[in-house]
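A.B. asks: Here's a structure for you.
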Amino acid sequence: MASSPKSPKSDQASNPPAPVAPGHGPTPLTAEEQNAAGLLPASHWAAQPLEEDDTVDDGASSLGSFISSSASLSSTIFQYRTIHGRTYHGDVGNAESYEPNDQRHVEAMEIFHHAMLVQLDGKLYLSPLDKKRIHKVLDVGTGSGLWAIDFADEYPNTEVIGTDVSPIQPSWVPPNVKFEIDDCNLDWTYAENSFDFIHMRMLAGVVNDWDKLFRNAFRCCKPGGYVESIGSSIHFLSDDGSVKEGTAMHQWGKVLGEAGKKLGRPFNVYEDDLQRKGMEAAGFVDIEFKDIQCPLGVWHPEKKAAERGLWYKLAIEEDLEGYLNYLLNVVMGWTPEETKRFAAHAKKEWNNPKIHGYFWLRVMYGRKPE
């Protein structure tokens, strides 16, 4: 297993880019800007040959019947935006989530939840929690709500709140869990010292100011409580050079990195160590992290590593174009056909056992001083 990069200490935080207004995408990158960033033109992918079975299904998606289990919601919450056949959240704060909220993507989120459990050897968290002191928990960006539901099952006497910008969580949930519509980028309205544990998972491309996010978490966390953040690198690596320059896997991190800059919501959370910097700036102590090497696909000779790679691949492939639709079509200005071809090339590469690509997952947690 390759050694993971060391996590640097905090530098002075820089001002984040201003987010775009809800429902209004930024001006796409020009050809000159994309070239300067080392990006291949979108037309490149359409010109590359593919076998007939290498395309990615982009069939129509149906809305699920999921509703929030909390108080009644304004009808505007359900006024979803439709972009290239996929639906996205309505106006909530200044949110601009790039992930769809239709049934197809909800199913992908559910597989992703299991994939993340596999990464953590079946654990929901790595923070050293004192189970006797866990009475109230917050899951930020809960998505399909499965983490909150599983945590509520494990801690039946604990109140668990899951927040998201889309009401896509199931209505049948444990009695100690509830879901609320909220944008984590705004000032949190929870009282100071409210939660014993605050959990955040995969918020890259969603958060516009990571320092503010952790300031909010610090204020709302009880003294002695923990905040845990899980993120990943966006660049695929290979120790044997099999992820070659110019391939879709090599371009993946470049494309997402530029899309995040344009959107004002960075994807380079791991690369720029935004989790540690935000936690330290907010005042957390006893900050620890664990880096997990995740191969994409089943090429790894170690059984556990291959299992991690298989489940992550299955989760992403369940709705690959859903993850890329908004970022590439709206932010980067690609056509749906160009996005579809890029997705097909990426899928083909990480299903090739001769390409030994992997990325890093980082689990980081810190304690609020007592």
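The values are calculated or read from the model by the stated rules, or taken from the named source; none is laboratory data. All of these numbers come straight from a predicted model, not from anything done at the bench. In this analysis, Cβ positions are derived from the backbone assuming ideal geometry, glycine residues included, and neighbour counts consider all displayed protein chains. The accessibility values were calculated without ligands, DNA or RNA, using every heavy atom of the protein model including side chains. Shrake-Rupley method; radii C 1.70, N 1.55, O 1.52, S 1.80 Å.
A.B. asks: Work out how much length residue 150 to residue 130 would gain on full extension: take 0.36 nm times their residue separation and subtract the Cα-Cα distance, in nm to one decimal. Walk me through the numbers before you get to the answer.
C.D. replies: Values: separation 20, 0.36 × 20 = 7.20 nm, distance 1.76 nm.
So the extension gain works out to 5.4 nm.
A.B. asks: Just read off the accessible area of residue 355 with the full protein assembly in place, 1.4 Å probe, to the nearest 10 Å².
C.D. replies: Spelled out: residue 355, probe radius 1.4 Å, area about 30 Å².
A.B. asks: Provide the solvent-accessible area of residue 202, counting protein heavy atoms only and rolling a 1.4 Å probe, rounded to the nearest 10 Å².
C.D. replies: So the heavy atoms of residue 202 present about 40 Å² to solvent.
A.B. asks: Between segment 165-199 and segment 321-367, what is the C-alpha centre distance in whole Å?
C.D. replies: One Cα centre to the other: 28 Å.
A.B. asks: What FRET efficiency, computed as 1/(1 + (r/R0)^6) with R0 = 30 Å and r the Cβ-Cβ distance, is obtained for residue 290 and residue 171, rounded to the nearest 0.05?
C.D. replies: Values: r = 35 Å, r/R0 = 1.16.
Working from the Cβ atoms, E equals 0.30.
A.B. asks: Taking K and R as +1 and D and E as -1, what net charge do the other residues with C-beta under 10 Å from the C-beta of residue 366 add up to?
C.D. replies: Details: positive: 276, 367, 368; negative: 228, 280, 286, 288.
Cβ neighbours under 10 Å give a net charge of -1.
A.B. asks: Which percent of Cα-Cα pairs in segment 127-277 sits in each 10 Å bin, short to long?
C.D. replies: Whole-percent P(r) values from 0 Å outward: 11, 35, 31, 16, 7, 0.
A.B. asks: If you don't mind, another one. 5 Å is the cut-off here: which amide hydrogens, built 1.01 Å from N in the peptide plane, fall below it relative to residue 195, excluding neighbours closer than 5 in sequence?
C.D. replies: 221, 222
A.B. asks: Let me ask something else about it. Quick check for you: with a 1.4 Å probe and neighbouring chains kept, what is the accessible area per residue of segment 220-277, in Å²?
C.D. replies: Details: 1800 Å² over 58 residues.
Each residue of segment 220-277 exposes 31 Å² on average to a 1.4 Å probe.
A.B. asks: With an 8 Å Cα cut-off and a minimum separation of 6 or more residues, compute the relative contact order for segment 84-368 in percent. Mind showing how you got there, number by number?
C.D. replies: On the way: 549 pairs, mean separation 63.8, N = 285.
Worked out over segment 84-368, it gives 22 percent.
A.B. asks: In the P(r) worked out for segment 247-299, what percent of Cα pairs fall beyond 18 Å?
C.D. replies: Numbers: 714 of 1378 pairs.
Here the tail beyond 18 Å accounts for 52 percent of pairs.
A.B. asks: As a test question: what accessible area, to the nearest 10 Å², does residue 222 have when a 1.4 Å probe is rolled over all protein chains in place?
C.D. replies: Answer for residue 222: close to 60 Å² accessible.
A.B. asks: Would you work out what percent of the accessible area of segment 216-327, with all protein chains in place, is carbon or sulfur (probe 1.4 Å)?
C.D. replies: Taking all protein chains in place, segment 216-327 shows 52 percent carbon and sulfur surface.
A.B. asks: Something else about it: What are the trypsin sites (Lys or Arg not before Pro) within segment 163-249 that DSSP puts in a loop, where the Cβ has at most 13 other Cβ atoms within 10 Å?
C.D. replies: Numbers: sites: 178, 201, 212, 215, 219, 244; in loops: 244.
For trypsin sites (Lys or Arg not before Pro) across segment 163-249 that sit outside H, G, I, E and B with at most 13 neighbouring Cβ atoms in 10 Å, the list reads 244.
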